[in-house]
Amino acid sequence: MTISLSRILLVGVLFLPSITLLNDSAPFNDDPWDLDGPCQKYVEKLAVFQSEMVACATNWSIPPKVCTNCYDNYIKFKQYEYETKHLDNVFSLDNRTCSQVIYDNYLLSYSSDISTALTTKIWEKSRCDSCITINWDLPHNKSEKEFTERTLVFQNRLYEWRNCVVNYTSGGLLVDDLNDLQNGSKICNECKTQFEELYGYYWKIYTTPDVDFCVDVETTMNDTIHLWDDVWKCAEKQDRNRDLAGIMITFATLVLLTALFYAASYIQGGGQTRNLIRYSRLQEDPRGQRSRLLSSGMSDADLFHRAATMPNVPIHQSR
Amino acid sequence: MTSRGRVRTSSNSLDPNEDPVSGLERVFSNSNLEQVARQRRRQEEQLLFSRQLAESDRTDSHEALSARYESLNYEVSENRLYRDAEKKPSHQLTLWRISRNRWFVCFLIGVFTGLVAAFIDIMVHYSKDVKFSWILKYLISKCSEEQRGTTAGCMWTVMIAWIGYNCVLVTIAAVLVIFVAPIAGGSGIPQIKCYLNGIAIPEVRSALNHFISIVVKVVRLKTLVSKAIGVACSVGGGLCAGKEGPMIHSGAAVGAGVSQGKSYSLGIDFGLFKEFRNDRERRDFVSAGAAAGVAAAFGAPIGGVLFSLEEGASFWNQNLTWRMFFSAMISSFTVNLILSWFNGKSGWLSWTGLANFGVFENKDYNIWEIPLFLLIGVIGGCLGALFNYLNTRLTEFRKKYVSSKFGRLFECLLVAAISGFLAFLTIFAIDDCQPIGANPTATSTQINQMWCKKGEYSAVASLFFQNPEESVKSLFHSPINSFGVTTLIIFGIEYFFLTLWTFGISVPSGVFIPAILTGAAWGRLFGIFVERLFPSVTGIDPGKYALAGAAAQLGGVVRMTISLTAIIMEATKDITFGLPIMLVLMVTKWVGDMFNEGLYDSHIDLAEVPILGWNPPKMSRNILADRVMRKDVVALERRERVSRIVEILRSTLHHGFPVVDRIEESPYESLPDYGRLKGYILRSQLFKLLENRIFEEEESSSAVLPNDFYECQDDDDQMKSLADLGLTQYDESCWLDIEPYMHPHPHRVPLNTSLPFIFRLFRGLGLRYLFVVNDDNHLRGVITRKDVARFRERRRNHEYHVDELYISES
């Protein structure tokens, strides 16, 4: 919008000094100077869908629950985005198709930037595909959404648990006595099974690699856990002391083994003495058989005699 | 002392100094009196020596060099055959083929290294799946069902299952190392370092090369397979171990293997690449393999090349660097290809390395942060030095006391059990439960619900129960509040000591990732403190301090410089932090070197390897060749009787012998008086000559010698015993003319050469022998690697001294 605005300003400054600034929320369509005029209405329509999607996302941002609440807006937005990308029969004044005008970046393209942000930063980052499968049929404008199996199961279990809680709080969930500890412990006891089932299902999916929930489910569950654990104090204390004995036994065993092992090695080992030689002391005195090898004179008889009696023992040598 | 007993028997027999056949002129001129005098003198000296030996030489000092290490053979024996080879018309074609094959082999090295690395990674991945989805998830949920309404604890059964699983995997790794391929233990980088320095590590090479040829291949494949499976098991088994060092070793083993053109898995000799079957070519391929290994492990090809340059190569050339880079690129490309396929994105080549540290989103740092980075460097240097000191002591203890096979196996199990247990203990002790959703980066696979209320997860557990690489990533990139101060302190300390304990047990395990993880923990802690000190400065990201801490800790332990900088920069895919990382590593190395040397060097010293460092020892200018050399040289004359050669081959293990024009008895000394140095010949060449019966008497001197006789390597024939040659008594009485086959111009120095000069010759040329001659070119002694390496500089009371190390023979 800034671009067209500045263009207008420029035009205004150059040719129409008396023109007054137009309302910038509604760019004009019939400006003969604007070559892209014929495409303007499509951009405006896209803006409406985008802003609806943005509004929905922002509305559902604490906690983030875009997937389950904004899928309608998202489908509409994607649908119209698709249409703007296929405006092959509508032309601007210079005979380019409007799709080209909108998406072939001139300097910047806000519309496509915003579209990308909505798609990647909001929809994909929330892992919405894990919860909602959308069967895209954009050419016929018949895209259909479907909640995934695991989301539905999760929802059912969540409702069971909530029903249970509602029953035991006599219908009023938001009354003060919810925070009452006594009432809380009652809920804890009565709805424990439902909670365990809900949590068990969630945890199973959560810890399975490559299978996810979307952010909606995760935040719902986190809030549920928060409510259950911290507000109503239903959490079972994971008592570390229960494992204390086992850990202590293991600890003692391992320490004992280590100590014994090294002590035993120390007492047993270390007996090896090595034959250490200082070469500088060897210089003058070749010993034994070696001295025989040094000189070229060797008796054949002696040679055979020794070869027969002696094993092949490597003797003192250096190289 | 068997040799003493042997001395007596031999001196009781016929006079050993006289040989009526070869020394005809001399023998008859010798008087009996002289002989008796010489004999008596020798006996007296032996007595004296054995007393000396008994008095002083049996010490327990660990400062010794082991006699079992041999040098690699880089020199071409330029004998007549070698020169003639160039005259053949096919030689031009051979030259062309060699340079083509070098590239081809480098390509293969890259591919196979990548395959091995991807294999290890996939194994670790599956092991993680089993552990997390089965043991943790299943058992914990089962537990929480059972626990309902009871008071009995159940979590510790999960713990037992977890520890049990770890122990099983670690047992596999340890058994592979202890009973199958001992060389596969540890990180493998010290071994590669030694190999590239020009030393044949017995287990590497003897296992690889010195056995009979068929065994060789199996053993080498064994090393590679044991290493690959073992490291997958030890990392999967939850040890504080990285898979990066072993990957580098695997890369080097691939390099050594592929270049030889034999299929080790099938025991087939393809007959390919025969021209590369020598130490000189193999060294180049090993360094290419090591570079490829780094490239595969960290996705850091440049870091890999620099690693080979820094850690290994004493010998360098431009073409080799370029080929290494090619190998490294191919290997990271292969890893990417396989992993992208494995993760369902076939053909996506921009996959990050196995140990990528993630990309930093906030890359800002200011000039005022530089002093803080320097401080991190100081801390890293001190911690690294402490680590090395403690680990060296521990390794000494292990070497001395924990030497039995079952002892070592049991130690591995202990470490595995306690590593697993400590994780549980920490989670048990620190109540760090946070509601699910507190850390948006934590994915559901990292969630561990242990001992937490429903809907909460344990933040500590996510550090302990992830793969180490993922923990590094979360320490680098998580928001500032994700880890509490206590958590970081306890985790850092535990990991430091566990790594300390783990490095050196008999499983394949690297120290890279554990050190990085420890450093990232205390670096993040440092970042949190900085953030509290300067609350007014916004935008302090503890992640970058975690990165600096990781670099400092790793640099303090391994003391690598440029290659580490490049590796970390490549693993974070960013050069922005180049300056701080470099500064940190520089300070770290300075500080650390004030206390001790790097971990790999300490381990090399403990293994008593005669490695030659970058520089000759200081204060050694006045140590001259006649003090360095050994005078008792076993030399040959140009024409030798076969029986003497057989005797020499049988009773020594020398790998080459100088050839002189004559050897005479000296009337003054017990050592003979050697004539002019004419050349030298390799043991393996003598072997080949004997095997093919190239004797003078027979008319078979036209017998066919192998084409590459001048390249004759120790490989195949070394362990073939002399008996296999089937020499008859008649053969032994023949004469052998060595002259055409010897290397006619070996390196030699005069008697007054200084040690630094000799050192540089050895280091620069990769020598195996250096002969010492007097002014008339008479042979006076021989210098080998151990003779040079036994002089070590020491710093005491701020002064340098040169010490002489013992040589240990076991």
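Of the conditions (1) more than 11 Å from every other protein chain (Cβ to nearest Cβ); (2) modelled with pLDDT of 75 or more; (3) not in a loop (DSSP other than H, G, I, E, B), B:PHE428 clears all except one; give me its number.
Only one criterion is unmet by B:PHE428, namely (1).
Assuming A:TYR82 fulfils every condition listed in (1) open to solvent by 50 Å² or more (accessible area, probe 1.4 Å); (2) more than 27 Å from A:CYS214 (Cβ to Cβ); (3) in contact (Cβ under 8 Å) with a residue 40 or more places away in the chain apart from one, which condition is it?
Among (1) open to solvent by 50 Å² or more (accessible area, probe 1.4 Å); (2) more than 27 Å from A:CYS214 (Cβ to Cβ); (3) in contact (Cβ under 8 Å) with a residue 40 or more places away in the chain, the lone unmet condition for A:TYR82 is (2).
May I ask you to say which residue of B:ILE418, B:ILE370 is surrounded by fewer than 19 Cβ atoms within 10 Å (Cβ to Cβ) and in a helix (DSSP H, G or I)?
That would be B:ILE370, the only listed residue that is surrounded by fewer than 19 Cβ atoms within 10 Å (Cβ to Cβ) and in a helix (DSSP H, G or I).
Would you confirm, using the coordinates I've provided, whether B:SER563 is among the hydroxyl-bearing types (Ser, Thr, Tyr) and touching a Gly at 6+ places or on another chain (Cβ under 6 Å)?
yes
Regarding A:GLU197, is this residue open to solvent by 80 Å² or more (accessible area, probe 1.4 Å), modelled with pLDDT of 75 or more, within 19 Å of A:HIS226 (Cβ to Cβ) and not assigned by TED's automatic domain parsing to the domain that holds A:GLU81?
Here the answer is yes, as A:GLU197 does meet what is asked.
Could you say whether any residue in the range B:663-685 is touching a Gly at 6+ places or on another chain (Cβ under 6 Å) and open to solvent by 30 Å² or more (accessible area, probe 1.4 Å)?
Scanning the range B:663-685, I find no residue that is touching a Gly at 6+ places or on another chain (Cβ under 6 Å) and open to solvent by 30 Å² or more (accessible area, probe 1.4 Å), so the answer is no.
From (1) of a type outside the set (Lys, Arg); (2) under 31 Å from the mean Cα position of the chain (by Cα); (3) at the interface with chain A (Cβ under 9 Å from one of its Cβ atoms); (4) open to solvent by 30 Å² or more (accessible area, probe 1.4 Å), pick out the condition that doesn't hold for B:HIS655.
For B:HIS655, the exception is condition (4).
Within the range A:111-166, how many residues are among the aromatic types (Phe, Trp, Tyr), closer than 21 Å to A:GLU81 by Cβ and open to solvent by less than 60 Å² (accessible area, probe 1.4 Å)?
Of the residues in the range A:111-166, 1 are among the aromatic types (Phe, Trp, Tyr), closer than 21 Å to A:GLU81 by Cβ and open to solvent by less than 60 Å² (accessible area, probe 1.4 Å).
For the range B:629-643, name all the residues that are hydrophobic (A, V, I, L, M, F, W, C) and either within 9 Å of chain A (Cβ to nearest Cβ) or outside any helix (DSSP H, G or I) (or both).
B:MET629, B:VAL633, B:VAL634, B:ALA635, B:LEU636, listed by residue number.
Can you work out which of the residues in the range A:106-136 that are over 21 Å from A:SER51 (Cβ atoms) and without any contact (Cβ under 8 Å) to a residue 60 or more places away in the chain is nearest to the chain's Cα centre (by Cα)?
Out of the qualifying residues, it is A:THR133.
If you take the residues of the range B:781-793 that are outside any strand (DSSP E or B) and facing chain A (nearest Cβ under 10 Å), which of them is farthest from B:ILE663 (Cα to Cα)?
B:ARG790
Give just the number: which of (1) of a type in the set (S, T, N, Q); (2) within 14 Å of chain A (Cβ to nearest Cβ); (3) not in a loop (DSSP other than H, G, I, E, B) does B:SER620 not satisfy?
Going through the list (1) of a type in the set (S, T, N, Q); (2) within 14 Å of chain A (Cβ to nearest Cβ); (3) not in a loop (DSSP other than H, G, I, E, B), B:SER620 breaks only (3).
I need the full set of residues from the range B:644-687 which are in a strand (DSSP E or B), in contact with a helix residue (DSSP H, G or I) (Cβ under 8 Å, 6 or more places away or on another chain) and farther than 17 Å from B:GLU739 by Cα, in order please.
Within the range B:644-687, B:GLU664 is the sole residue that qualifies.
Collect the residues in the range A:206-221 that are in contact (Cβ under 8 Å) with a residue 40 or more places away in the chain and either under 13 Å from the mean Cα position of the chain (by Cα) or more than 9 Å from every other protein chain (Cβ to nearest Cβ) (or both), keeping them in residue-number order.
Within the range A:206-221, A:VAL211, A:ASP212, A:PHE213, A:CYS214, A:VAL215, A:ASP216, A:VAL217, A:THR220 meet the criteria.
Please go through the range B:794-810 and give me each residue that is away from chain A (no Cβ under 14 Å) and outside any strand (DSSP E or B), ordered by number.
B:ASN797, B:HIS798
Table: residues versus (1) within 30 Å of B:SER563 (Cα to Cα); (2) within 14 Å of chain A (Cβ to nearest Cβ); (3) modelled with pLDDT of 80 or more.
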{"site": "B:GLY153", "(1), (2), (3)": "no, yes, no"}
{"site": "B:ALA181", "(1), (2), (3)": "yes, no, no"}
{"site": "B:GLN191", "(1), (2), (3)": "yes, no, yes"}
{"site": "B:HIS210", "(1), (2), (3)": "no, yes, no"}
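Just need a number here: residues in the range B:570-617 that are within 15 Å of B:MET560 (Cα to Cα), assigned to a loop (DSSP other than H, G, I, E, B) and open to solvent by less than 20 Å² (accessible area, probe 1.4 Å).
Qualifying residue count, the range B:570-617: 1.
In contact with an Asp or Glu (Cβ under 6 Å, 6 or more places away or on another chain) and at pLDDT 90 or above: which single residue out of B:LYS678, B:LYS589 fits that description?
Criteria check complete, one pass: B:LYS678.
Looking at this structure, is A:LEU87 outside any helix (DSSP H, G or I), surrounded by 17 or more Cβ atoms within 10 Å (Cβ to Cβ), of a type in the set (A, V, I, L, M) and at pLDDT below 85?
Yes: the conditions hold for A:LEU87.
The values are calculated or read from the model by the stated rules, or taken from the named source; none is laboratory data. If you're wondering where the values come from, they're calculated on a predicted model, not measured in any experiment. Every residue, glycine as well, gets a Cβ built from its backbone with ideal geometry; the counts of neighbours run over all protein chains shown. Protein only, heavy atoms only, side chains kept; ligands, DNA and RNA dropped before computing areas. Shrake-Rupley method; radii C 1.70, N 1.55, O 1.52, S 1.80 Å.
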